[in-house]
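Student: Sharing a structure below in structure tokens format, with a few things to ask.
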Amino acid sequence: MADTPPALHLCMGSACHQAGVYAVLPVLQRLLAEEGLDQRVELKGAFCLGSCMDGIVLQFKDRQFLNINLHNVEQKFKEEILPALRA
Ligand code: FES
């Protein structure tokens, strides 16, 4: 049986919802696909990740990525999230 891919958790809690997580979600899906990671990392919705003041929040393993929005998601993905996913 194949190993389950590690999960990249995207907060869908109310603060992150208010901050526009539903607009960020398709951008993340596209970026993961462009990097060929969509089969190797599972993007999963999560309940509140506990950093609501710093939303929108993504978590991979024990690391959180904070203050994500539609304008910076691409840059943060390339500079912070992608290296963590590939580590
Ligand atoms: S609602 Fe997203 S961290 Fe709390």
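No value in this document is a laboratory result; all are computed from the given coordinates. Everything numeric here is computed off the predicted structure, so don't read it as measured data. Here the Cβ positions follow ideal geometry from the backbone for every residue, glycine too, while neighbour counts run over all protein chains shown.
Student: For the chain, just the Cα atoms, rotate onto the principal axes and tell me the three extents in Å, largest first.
Tutor: Between the extreme Cα coordinates on each principal axis of the chain lie 37, 25, 20 Å.
Student: Could you put V57, V41, V27 in order, starting from the residue whose Cβ has the fewest other Cβ atoms within 10 Å? Working shown, then result.
Tutor: Working: V57 25, V41 17, V27 14.
Least crowded to most crowded, the residues run V27, V41, V57.
Student: Here's something else I'd like to know. Taking the chain as a Gaussian network, where each spring joins two C-alpha atoms under 10 Å apart, which residue of E42, E34, E74 fluctuates the most?
Tutor: E34
Student: Work through the residues other than P6 whose Cβ is under 11 Å from its Cβ and net out their charges, Lys, Arg +1 and Asp, Glu -1.
Tutor: On the way: positive: R40, K44, K61; negative: D3, E42.
Taking every Cβ under 11 Å from that of P6, the sum is +1.
Student: If you don't mind, there's one more thing I want to ask. So how far, in whole Å, is the C-alpha centre of the range 65-87 from the one of the range 1-42?
Tutor: Going from one Cα centre to the other spans 11 Å.
Student: Counting Lys and Arg as +1 and Asp and Glu as -1, what is the net charge of the other residues whose Cβ lies under 12 Å from the Cβ of L49?
Tutor: Net local charge, L49 excluded: 0.
Student: What are the trypsin sites (Lys or Arg not before Pro) within the range 1-53 that DSSP puts in a loop, where the Cβ has at most 14 other Cβ atoms within 10 Å?
Tutor: Numbers: sites: R30, R40, K44; in loops: R40.
Qualifying residues, ordered by number: R40.
Student: Something else now. Against the longest alpha carbon principal axis of the chain, how many degrees, from 0 to 90 and to the nearest 10, is the axis of helix 21-34 turned?
Tutor: On a 0 to 90 degree scale, this one is about 20.
Student: Taking other Cβ within 10 Å of each residue's Cβ, how do I56, I81 sort, fewest first? Walk me through the intermediate numbers first.
Tutor: Details: I56 29, I81 23.
Ranked by crowding around the Cβ, least crowded first: I81, I56.
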